[in-house]
Amino acid sequence: MPRRKPSRISQSEPIYEVITAAPAHSFALNRHDYPADCAKWNYHPEYELHLITAGNGRYVIGDYVGTFHARSLFLIGPDLPHNWFSNVDQDETVSGRDLVVQIKPAWLQSLVQLCPEFEEITRLLDDAANGIEFHGPSLDILCHQMEDLEIADPAERVAKFISLLVNLAKAPRHVLCRSWNFQSSKTSGSRVINQIMQLLLSTDLRTVKQAEIARHVKMSPSAFSRLFQQAIGDTFTNFVRRLRINRACNLLMTTDDPISSVSTDAGFSNLSNFNRAFLDEKGVTPRKYRLAAKNTNK
C-alpha cells in the first residue's frame, strides 16, 4: 500500500489552535484518531498533557525532534509548537491514538496558589515551558491515571486530575527544548518577548528578518538583540536557524522531496549552508537523518 503523507499544513508555520472546554468543566479532555484534522503543527495558550496510546513515529516539540511509541506521555507548556506524526498506509487509521487534556494556565495557577502543598507542581509547570517527556518505572501508572480521567464523572475527574498532577511532579522527566523559556521570563521585556515569539510562530521562516521583527516591536536592532539574548539565552540568528532545522526535520520525515527542496522550504539560502548547519545541530547529514526516520517507522 502507498504511504500517506501528512498534509502540508503540518510542515509549515504552526497553526494557532482555539481550545474550548465543555460548559462547567475545568479543562478540555479529548481522544482522537490519527490522522485527524486536529493532529497538526500547532500551538495554543493552554498547557497540554498528551498521551500516545498506540503506534510509533516521530514528534516535534519546539526545536526538539524525538521518537514516540505507545505509552509515551508529554506535558507541553503554553504557546510551544508541537506535533506527533506516524507513517501510515494510505487507508490506515490509528484509532484513538491521542488522549489529550488541555488546561488554562489561570486554572493551574489558582490551584497552586490556593494550596502551598503543591509547590512541586509549580516546578513541573516551569519545566513544561520547554516541553517534558515522562519516563521511569511510574510511567505505566501515570498512563493508567490519564486514561481513568475519560471514564470519571466531571467532579471526580477534577480530583483525579489533581492527583495525576501531583504524581507527574514527582515522576522522572526529560526537559526537551534548550531555550524555549520566554513565557517564564520575569524581565520587564517579557511582554515584548512574547510578542516577538508570536511573530516568529506566524512568519514564514524563509523570509523572516531580525530587522523587520525589531521594527514591528518598535525597538532598535541593538536593543532587540540584547533583549532577545537575555530572555532566550541565545542569539536571534541561532534561534531562527534551529527553527529552520526543526522544519527541515519535519519535511525529511514526512515527504520524499529532494534535499535541495527541503533546504529551500526550510529557509536556507543554499544547500551547502543547510548541510553544514544540519550536521552541526543533529550530528548527521540530512540524508542519513531521513534514512534513520524511515527505518524507525517501518
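The values are calculated or read from the model by the stated rules, or taken from the named source; none is laboratory data. Everything numeric here is computed off the predicted structure, so don't read it as measured data. When we count neighbours, we look across all protein chains shown, and the Cβ atoms used for this are built from the backbone with ideal geometry, even at glycine.
Can you find, within the stretch 173-200, the residue that is modelled with the lowest pLDDT among those that are part of a loop (DSSP other than H, G, I, E, B) and of a type in the set (Ser, Thr, Tyr)? Quick ask: steps written out before the conclusion?
Step one: list which residues in the stretch 173-200 are part of a loop (DSSP other than H, G, I, E, B), which gives 176-181, 185-189.
This time we only want the ones that are of a type in the set (Ser, Thr, Tyr), so: 179, 185, 187-188.
Values: Ser179: 62, Ser185: 40, Thr187: 44, Ser188: 46.
Going through the qualifying residues, I end up with Ser185.
Please tell me if Arg97 is of a type in the set (D, E, K, R) and modelled with pLDDT of 95 or more. In short, yes.
Applying the criterion of being hydroxyl-bearing (Ser, Thr, Tyr) and under 20 Å from Arg173 (Cβ atoms) to the residues of the stretch 20-55, the residue that is surrounded by the most Cβ atoms within 10 Å (Cβ to Cβ) is Tyr47. Taking (1) among the acidic types (Asp, Glu); (2) surrounded by 14 or more Cβ atoms within 10 Å (Cβ to Cβ); (3) within 24 Å of Glu156 (Cβ to Cβ); (4) without any contact (Cβ under 8 Å) to a residue 60 or more places away in the chain in turn, Glu17 satisfies each apart from (3). Does at least one position in the stretch 241-249 carry a residue that is without any contact (Cβ under 8 Å) to a residue 24 or more places away in the chain and either among the β-branched types (Val, Ile, Thr) or in the same structural domain as Thr67 (by TED's automatic domain parsing) (or both)? No; the residues of the stretch 241-249 include none that is without any contact (Cβ under 8 Å) to a residue 24 or more places away in the chain and either among the β-branched types (Val, Ile, Thr) or in the same structural domain as Thr67 (by TED's automatic domain parsing) (or both).
Total residues in the stretch 142-159 satisfying the condition of being farther than 13 Å from Ser26 by Cβ and either surrounded by 14 or more Cβ atoms within 10 Å (Cβ to Cβ) or among the hydrophobic types (A, V, I, L, M, F, W, C) (or both): the figure is 6.
With respect to Arg58, determine if the residue is touching a His at 6+ places or on another chain (Cβ under 9 Å), crowded, with 19+ Cβ neighbours inside 10 Å and basic (Lys, Arg). The answer is no for Arg58.
The stretch 239-298 holds no helices (runs of 4 or more DSSP H) entirely within its bounds that carry 3 or more residues that are at positive phi and at pLDDT below 85. Kindly list the number of the only condition in (1) crowded, with 16+ Cβ neighbours inside 10 Å; (2) of a type in the set (Gly, Ala, Ser); (3) out of contact with any His (no Cβ under 8 Å at 6 or more places or on another chain) that fails for Ala106. Answer for Ala106: the failing condition is (1). Val18 fulfils the conditions (1) touching a His at 6+ places or on another chain (Cβ under 8 Å); (2) β-branched (Val, Ile, Thr); (3) more than 24 Å from Ile121 (Cβ to Cβ); (4) at pLDDT 80 or above except for a single criterion, (4). When the stretch 126-172 is filtered for residues that are part of a strand (DSSP E or B) and either in contact (Cβ under 8 Å) with a residue 60 or more places away in the chain or at positive phi (or both), the ones remaining, listed by number, are Glu133, Phe134.
The single condition among (1) buried (at least 18 other Cβ atoms within 10 Å of the Cβ); (2) part of a loop (DSSP other than H, G, I, E, B); (3) touching a Gly at 6+ places or on another chain (Cβ under 9 Å) that Ala70 does not meet is (1). Pairs linking a residue in the stretch 206-235 that is under 22 Å from Asn246 (Cβ atoms) to a residue that is buried (at least 17 other Cβ atoms within 10 Å of the Cβ) and among the hydroxyl-bearing types (Ser, Thr, Tyr), with Cβ atoms under 6 Å and 6 or more positions apart or on different chains, are Ala231/Ser185.
Can you go through Ser263, Ser225, Ser272 and tell me which one is exposed (fewer than 14 other Cβ atoms within 10 Å of the Cβ) and either not assigned by TED's automatic domain parsing to the domain that holds Asn130 or not aliphatic (A, V, I, L, M) (or both)? So the residue among Ser263, Ser225, Ser272 that is exposed (fewer than 14 other Cβ atoms within 10 Å of the Cβ) and either not assigned by TED's automatic domain parsing to the domain that holds Asn130 or not aliphatic (A, V, I, L, M) (or both) is Ser272. Starting from the stretch 93-106, keep only residues that are in the same structural domain as Gly57 (by TED's automatic domain parsing), then list their pairs with residues that are in a strand (DSSP E or B) and of a type in the set (A, V, I, L, M) whose Cβ atoms are within a distance under 6 Å, requiring at least 6 positions of separation or different chains. Here the result reads Leu99/Leu51; Val101/Leu29; Val101/Leu49; Gln102/Ala28, each pair linking the stretch 93-106 to a residue that is in a strand (DSSP E or B) and of a type in the set (A, V, I, L, M).
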